[in-house]
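In what follows, a single structure is set out as structure tokens and then discussed.
The values are calculated or read from the model by the stated rules, or taken from the named source; none is laboratory data. Keep in mind the model is a prediction, meaning the values are calculated, not measured. Don't worry about glycine lacking a Cβ; one is built from the backbone with ideal geometry, like all the others, and counts go over all protein chains shown. SASA here: full protein model, heavy atoms, side chains in, ligands and nucleic acids out. Shrake-Rupley method; radii C 1.70, N 1.55, O 1.52, S 1.80 Å.
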Amino acid sequence: MLVIAWFDAHRRDLPWRAPDVTPWGVLVSECMLQQTQVDRVVPRWQAWMHEWPTPAALAQAPVADVLRAWQGLGYPRRALRLHATACALVDTWGGQVPESEPDLRALPGVGSYTAAAVSAFAFGRPAVVLDTNIRRVLARAWTGVAGPKAHQTRDELQLAAGLIDEHTGAAWSAAVMELGAVVCTARSPHCDQCPLAHRCAWLAAGRPDNGPVRRAQARFAGSDRQARGALLRAVSAAEGARAPELARAWADAEQRERALAGLLADGLVVRTPAGYALPAQH
DNA sequence: AATTCGTGGAG
DNA sequence: TCTCCAAGAAT
């Protein structure tokens, strides 16, 4: 197939693609890559795998250490869930990563995409992988629209399933995902370098701006998300953080209280006699 | 089903 | 500067 040949020639040398990487390594990479760019993940994945090379190793680590190792990647609840997944793997899977999508899907922080990705990329199964890159390539080359809809559709899943079936499963998914990531990009796609250019419906139509209108992302500056991040860093830096440290981290009192309540509810921060702290155990 | 959840790079 | 968007998941 065209895209697989293209992939063989152009694939990036990402560390989790090395031949000796374990299914656990693949799972860790997929969790880190949820809404976080590849370039930011690479060094963190390497450090993480050095520190916790197996599910058993991560399961034994204090949650506070896990959260600190995650700092900077964003969405720290993912770190909590990855730790919980490590515990589940030890408790019910003998410290191994299961191969089937339903079994993977039952793990904390593993949704439909991650389950399919691990099943395909760690075990070579022909799972139907649908991430933002593959969805964009399908939308353009096959459907002739500039971009995918906000949410997955049945048609999309069926289209991908048919293509997976007709090609060599995991390799096809890896190739199309890579194509979407480096050639068929959201912003300014490099159609001159695309192996599908000669048969791309969107390119043939003159690259029309006919994609679905997407709702604008809420601004980050001054958001609750930013407040949570600032507070979590403050708690992480000063075990036993009290009011002054928190106020220094985020000035607006009302928003600070709301964000702190959220962090406590999520289990990212706990109350201790010494003040607020990262959780020791989960 | 629509919201919420971090952070940073690129245009 | 500001906007977009990034290998999504949970609720």
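For the reader, a short list of remarks on this structure follows.
- In the set A:LEU80, A:LEU89, A:LEU58, only one residue is open to solvent by less than 30 Å² (accessible area, probe 1.4 Å) and either within 16 Å of DNA strand B (Cβ to nearest atom) or modelled with pLDDT under 95 (or both); that residue is A:LEU80.
Let's see how each residue does on (1) touching a residue at least 60 places away in the same chain (Cβ under 8 Å); (2) under 30 Å from A:LEU203 (Cβ atoms):
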| site | (1), (2) |
| --- | --- |
| A:LEU67 | yes, no |
| A:ALA79 | no, no |
| A:VAL90 | no, no |
| A:GLU101 | no, no |
| A:ALA122 | yes, no |
| A:ARG125 | no, no |
| A:MET177 | no, yes |
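- Of the helices (runs of 4 or more DSSP H) lying entirely inside the range A:200-282, those carrying at least 2 residues that are open to solvent by 30 Å² or more (accessible area, probe 1.4 Å) and of a type in the set (Gly, Ala, Ser) are A:201-204, A:243-249, A:253-266.
- Some residue of the range A:49-72 being under 23 Å from A:TRP93 (Cα atoms), part of a helix (DSSP H, G or I) and among the charged types (D, E, K, R): yes
- Condition broken by A:GLN152, with the remaining ones in (1) touching a helix residue (DSSP H, G or I) at 6+ places or on another chain (Cβ under 8 Å); (2) modelled with pLDDT of 95 or more satisfied: (2)
- Subset of the range A:138-186 [hydroxyl-bearing (Ser, Thr, Tyr) and either more than 18 Å from A:VAL213 (Cα to Cα) or crowded, with 19+ Cβ neighbours inside 10 Å (or both)]: A:THR168, A:SER173
- Residues (in contact with an Asp or Glu (Cβ under 8 Å, 6 or more places away or on another chain) and either surrounded by 15 or more Cβ atoms within 10 Å (Cβ to Cβ) or aromatic (Phe, Trp, Tyr) (or both)) located in the range A:1-22: A:PHE7
- Note on the range A:92-111: residues that are open to solvent by 60 Å² or more (accessible area, probe 1.4 Å) and either basic (Lys, Arg) or in contact with a helix residue (DSSP H, G or I) (Cβ under 7 Å, 6 or more places away or on another chain) (or both) total 4.
- Total residues in the range A:35-47 satisfying the condition of being away from DNA strand C (no atom under 14 Å from the Cβ) and crowded, with 18+ Cβ neighbours inside 10 Å: the figure is 0.
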